[in-house]
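**Student:** Sharing a structure below in structure tokens format, with a few things to ask.
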Amino acid sequence: MKKKITDLIKKKNKKKIVSLTAYSKNIASILDNYCDIVLVGDSLGSVLYNYKSTREVSLSMMIEHSKSVRMGIKKALMVVDMPHNTYRNSKEALKNAKKIMLKTKCDAVKLEGGKKIYETVKTLVKNKIPVMGHLGLLPQSDKTFKFKGKKKLERQNIIKDSQLLEKAGVFSVVLECVETSLAKLLTQNLKVPTIGIGASKYCDGQILVFDDLIGLNPMNYRFVKKYANIRNEISKAVSNYSKEVRKIKFPNKNNSY
Ligand code: KIV
């Protein structure tokens, strides 16, 4: 059965929310069986295109990947990241969010930031576009990779931002690389669910970049647990294929017409 945003909100304080990123149909169709949310993250910029930052990701890239993901999803909520420079003001955000919703048939969009996007989020929600927030480390604007919530002022700002996002009408908030006690506090204080990535077990749910989870990305990050080593599996398969082609063992008569 297709999951609804109301189902997700009801999970708060009852059941953990499971989310992963997907950028294409086949992977999305597997994740759909296990995830509450599948996010077409703008992390695809670094994961697939080797961009230095997600700031280089365009609206058309997000739309094309999301159209592919849509074909793989029947049950999970599908959320699409609004890329950098596509929501600099309410008018621009509304135009682009409508385009994303229409072309990709997704269930919601995700925007990074707090106070700065308060009016924008309000506008989208007023226009019946469900919005997921994103606080803590903000890859579209932060220049360095540092966890958030160590300094008092930084903590206070994140708390204020989370309150504003809730007031503006978000249905959940991603907390990226947020210090444990702050993630716990935000989760306790907010009525909407928090989805953590590098933000401790206290969040209402978790999200990871799929390529990190399966060990396709060779990098190691503290907040990632690799649940498989798919690089090894792919290496084995490709190595066997190359040996068989060179020894004229593949294709055999069963693979031929
Ligand atoms: O772009 C992305 O994949 C994300 C997740 C890391 C939350 O925003």
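The values are calculated or read from the model by the stated rules, or taken from the named source; none is laboratory data. What you are looking at is a predicted structure, and each value in this text was computed from that prediction instead of being measured. Reconstructed Cβ throughout: ideal geometry from the backbone, glycine too, with neighbour counts over all protein chains shown. Heavy atoms of the whole protein, side chains included, go into the accessibility calculation; ligands, DNA and RNA do not. Shrake-Rupley method; radii C 1.70, N 1.55, O 1.52, S 1.80 Å.
**Student:** Go through (1) open to solvent by less than 10 Å² (accessible area, probe 1.4 Å); (2) away from the ligand (no atom under 11 Å from the Cβ); (3) over 20 Å from V192 (Cβ atoms) one by one and return the number of the condition V57 breaks.
**Tutor:** For V57, the exception is condition (2).
**Student:** Would a scan of the range 5-25 turn up a residue that is farther than 20 Å from I214 by Cβ and near the ligand (Cβ under 10 Å from one of its atoms)?
**Tutor:** So far as the range 5-25 goes, no, none of its residues is farther than 20 Å from I214 by Cβ and near the ligand (Cβ under 10 Å from one of its atoms).
**Student:** K184: surrounded by 17 or more Cβ atoms within 10 Å (Cβ to Cβ), assigned by TED's automatic domain parsing to the domain that holds D36 and out of contact with any helix residue (DSSP H, G or I) (no Cβ under 7 Å at 6 or more places or on another chain), yes or no?
**Tutor:** Criteria met by K184.
Matching residues to (1) open to solvent by 30 Å² or more (accessible area, probe 1.4 Å); (2) without any contact (Cβ under 8 Å) to a residue 40 or more places away in the chain; (3) over 17 Å from Q206 (Cβ atoms):
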site	(1), (2), (3)
Y118	yes, no, yes
V121	no, no, yes
M132	no, no, no
T144	yes, yes, yes
K167	yes, no, yes
V178	no, no, no
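**Student:** Right, something else. Based on what the data block shows, is S46 part of a helix (DSSP H, G or I), assigned by TED's automatic domain parsing to the domain that holds E176 and more than 11 Å from the ligand (Cβ to nearest atom)?
**Tutor:** Taking the combined requirement at face value, the residue does not satisfy it.
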